[in-house]
Every structure is written in C-alpha cells, then in structure tokens.
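Trainee: Below is a structure I'd like to ask you about.
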Amino acid sequence: MAIREIITVPDKILRGKARKVTSFGVELQTLIDDMVETMRVAPGVGLAAPQVNVPLRAIVVEFNESEDEETPPKLYMVVNPKITRFSSDQDIGTEGCLSIPRIVGDVERPISVTVKGFNRHGQPLKIKASGWLARIFQHEVDHLDGVLFVDRADKVWQIEGETTQIAPAD
Ligand code: ZN
C-alpha cells in the first residue's frame with residue numbers, strides 16, 4: 001500500500017465527471033488499498049478516487065456511527081456507487097474536504113440515503129445510511145460528478161489549521 005497525494009482545488013480533475021469502473025483487476029485493488037491508507041493518514045472519513053488524481057468512480061468511507069469508542073469504525077469501499085434513494089427530510093451539517101484546505105461550510109442534505117454499487121470484487125452491494133454516514137456518502141459520490149461541498153453550501157468560512165474530510169461539528 002502507498003499513500004497518494006491528495007489533490008486540491010483548483011485542480012481540474014476535481015471538476016470532471018469520473019468514469020465508470022469496468023475492470024476489477026489488480027490496478028483497482030491497488031487503488032482502493034491506497035485510498036484507504038491515504039484517507040487514514042490524512043486523516044479523513046471519506047475519499048473519492050478523483051481526489052488522488054484517478055478519474056474513476058470509486059469511494060472509500062470509514063466512520064464510526066457508534067458513540068462507543070471501543071467499537072471500531074466501519075470501512076466501506078464502493079465501486080460505481082449510485083444513490084438510489086434520498087429521504088425527503090434534510091438537515092444541515094458543517095462539512096470540510098481534504099481537497100479544499102481550511103474551508104468549511106454548512107450544507108443541507110437529505111438525512112438518509114440508500115447507496116447501491118459494487119464491492120472491490122465486483123459483487124453488488126447496497127448500503128442504507130443515515131446521519132453523518134449518509135452525509136459522507138453524498139459528499140463522496142458528489143466528487144465523482146465534479147461537485148464539491150462549497151457548491152451546495154449556504155455558508156462557507158475559513159478555519160485555521162488542517163481540514164479533515166467532513167468533520168462532524170461536535
Ligand atoms: Zn471532499
């Protein structure tokens with residue numbers, strides 16, 4: 001595994017539409033392993049392939065939904081993810097992005113979503129997510145279409161220090 005460089009705005013790759021993954025071979029496996037490692041080192045709770053300069057539809061998410069610190073966070077690796085259901089209920093959360101250093105913003109998004117896609121071996125998967133996990137999935141899937149949280153934010157502001165990818169505002 002290797003840590004890859006996370007590209008930042010205004011790099012054009014962040015604004016492009018990523019291509020569908022069609023091969024689940026060694027290259028994809030290496031990419032996913034590297035994305036997990038890069039996300040953990042950053043640290044962040046999600047990463048999309050375009051953020052490591054690879055315009056393919058793949059995301060990784062690692063987030064602990066439980067309040068219990070002894071429960072390990074759950075790792076999701078989704079290839080060709082698609083959000084197939086959005087709740088009509090929305091809420092506002094403060095997001096950041098590893099590709100937009102030192103900027104955070106309030107974004108209103110559906111509270112729960114269903115994500116369909118494939119695991120790293122090409123088997124179909126379906127994830128029902130709510131709360132922060134749902135927000136992270138929406139943020140990451142947006143990256144695959146060249147959409148950044150600042151496009152959706154009602155309000156953005158600068159912070160000092162490093163930005164982690166979507167920090168729950170607690
Ligand atoms: Zn991001």
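The values are calculated or read from the model by the stated rules, or taken from the named source; none is laboratory data. Please read all numbers here as calculations on a predicted model, not as lab measurements. Cβ atoms come from the backbone with ideal geometry, glycine included; neighbour counts cover every protein chain shown.
Trainee: (1) within 20 Å of I159 (Cβ to Cβ); (2) touching a residue at least 60 places away in the same chain (Cβ under 8 Å); (3) of a type outside the set (G, A, S); (4) within 13 Å of the ligand (Cβ to nearest atom): which one isn't true of P43, the others all being true?
Mentor: For P43, the failing item is (4).
Trainee: Next question. Return yes when V36 is surrounded by fewer than 20 Cβ atoms within 10 Å (Cβ to Cβ), of a type outside the set (K, R), within 16 Å of the ligand (Cβ to nearest atom) and in a helix (DSSP H, G or I) and no when it is not.
Mentor: On the way: surrounded by fewer than 20 Cβ atoms within 10 Å (Cβ to Cβ): yes; of a type outside the set (K, R): yes; within 16 Å of the ligand (Cβ to nearest atom): yes; in a helix (DSSP H, G or I): yes.
So V36 fits the description; yes.
Trainee: Being without any contact (Cβ under 8 Å) to a residue 24 or more places away in the chain and either in contact with a strand residue (DSSP E or B) (Cβ under 8 Å, 6 or more places away or on another chain) or within 17 Å of L98 (Cα to Cα) (or both): is that true of K12 here? Write out each step before concluding.
Mentor: Details: without any contact (Cβ under 8 Å) to a residue 24 or more places away in the chain: yes; either in contact with a strand residue (DSSP E or B) (Cβ under 8 Å, 6 or more places away or on another chain) or within 17 Å of L98 (Cα to Cα) (or both): yes.
So K12 fits the description; yes.
Trainee: Okay, next question. Kindly indicate which of D142, D151, D89 is of a type in the set (D, E) and either surrounded by 15 or more Cβ atoms within 10 Å (Cβ to Cβ) or in contact (Cβ under 8 Å) with a residue 60 or more places away in the chain (or both). Reasoning before the result, please.
Mentor: Working: D151 fails: either surrounded by 15 or more Cβ atoms within 10 Å (Cβ to Cβ) or in contact (Cβ under 8 Å) with a residue 60 or more places away in the chain (or both); D89 fails: either surrounded by 15 or more Cβ atoms within 10 Å (Cβ to Cβ) or in contact (Cβ under 8 Å) with a residue 60 or more places away in the chain (or both).
Answer to the selection: D142.
Trainee: Being part of a helix (DSSP H, G or I) and among the β-branched types (V, I, T), is that true of even one residue in the stretch 44-62? Before you say what the answer is, go through the steps one by one.
Mentor: Quick first cut of the stretch 44-62, residues part of a helix (DSSP H, G or I) only: 49-52.
If we keep only those that are among the β-branched types (V, I, T) as well, we get 52.
Within the stretch 44-62 (the criterion being part of a helix (DSSP H, G or I) and among the β-branched types (V, I, T)), the answer is yes, since at least one residue qualifies.
Trainee: Against the definition (touching a residue at least 24 places away in the same chain (Cβ under 8 Å), closer than 20 Å to K20 by Cβ, surrounded by 15 or more Cβ atoms within 10 Å (Cβ to Cβ) and touching a strand residue (DSSP E or B) at 6+ places or on another chain (Cβ under 8 Å)), how does I59 come out, yes or no?
Mentor: Details: touching a residue at least 24 places away in the same chain (Cβ under 8 Å): yes; closer than 20 Å to K20 by Cβ: yes; surrounded by 15 or more Cβ atoms within 10 Å (Cβ to Cβ): yes; touching a strand residue (DSSP E or B) at 6+ places or on another chain (Cβ under 8 Å): yes.
Answer is yes for this residue.
Let's see how each residue does on (1) within 14 Å of the ligand (Cβ to nearest atom); (2) at pLDDT 95 or above; (3) surrounded by 14 or more Cβ atoms within 10 Å (Cβ to Cβ); (4) under 14 Å from the mean Cα position of the chain (by Cα):
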{"position": "T114", "(1), (2), (3), (4)": "no, yes, yes, no"}
{"position": "A129", "(1), (2), (3), (4)": "no, yes, yes, yes"}
{"position": "L133", "(1), (2), (3), (4)": "no, yes, yes, yes"}
{"position": "I159", "(1), (2), (3), (4)": "no, no, no, no"}
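Trainee: V54 - would you say it is free of Cβ contacts under 8 Å to residues at least 40 places away in the same chain and among the hydrophobic types (A, V, I, L, M, F, W, C)?
Mentor: For V54, the condition - free of Cβ contacts under 8 Å to residues at least 40 places away in the same chain and among the hydrophobic types (A, V, I, L, M, F, W, C) - is met.
Trainee: Kindly evaluate F149 against the criterion of being in contact with a His (Cβ under 8 Å, 6 or more places away or on another chain) and within 16 Å of the ligand (Cβ to nearest atom).
Mentor: Working: in contact with a His (Cβ under 8 Å, 6 or more places away or on another chain): yes; within 16 Å of the ligand (Cβ to nearest atom): yes.
When the stated conditions are applied, F149 passes them.
Trainee: To continue, here is another question. Please specify each residue of the stretch 116-139 satisfying the condition of being part of a loop (DSSP other than H, G, I, E, B) and touching a residue at least 24 places away in the same chain (Cβ under 8 Å).
Mentor: Taking the stretch 116-139 as the starting set, the residues that turn out to be part of a loop (DSSP other than H, G, I, E, B) are 119-123, 131.
Residues satisfying the conditions are N119, R120, H121, G122, G131.
Trainee: Across the stretch 11-33, what is the total count of residues that are away from the ligand (no atom under 14 Å from the Cβ) and in a loop (DSSP other than H, G, I, E, B)?
Mentor: Applying the first criterion (away from the ligand (no atom under 14 Å from the Cβ)) to the stretch 11-33 yields 12, 16-17, 19-33.
Next, from what is left, pick out any that are in a loop (DSSP other than H, G, I, E, B): 16-17, 20-25.
Qualifying residue count, the stretch 11-33: 8.
Trainee: Could I ask something else about it? In the stretch 85-92, is there at least one residue being among the acidic types (D, E) and modelled with pLDDT under 95? Outline the logic, then answer.
Mentor: Initial filter on the stretch 85-92 (among the acidic types (D, E)): 89, 91.
Filter again for modelled with pLDDT under 95, leaving none.
No, there is no match, as no residue in the stretch 85-92 is among the acidic types (D, E) and modelled with pLDDT under 95.
Trainee: Give just the number: which of (1) polar (S, T, N, Q); (2) more than 15 Å from H143 (Cβ to Cβ); (3) assigned to a helix (DSSP H, G or I) does T71 not satisfy?
Mentor: Unmet condition: (3).
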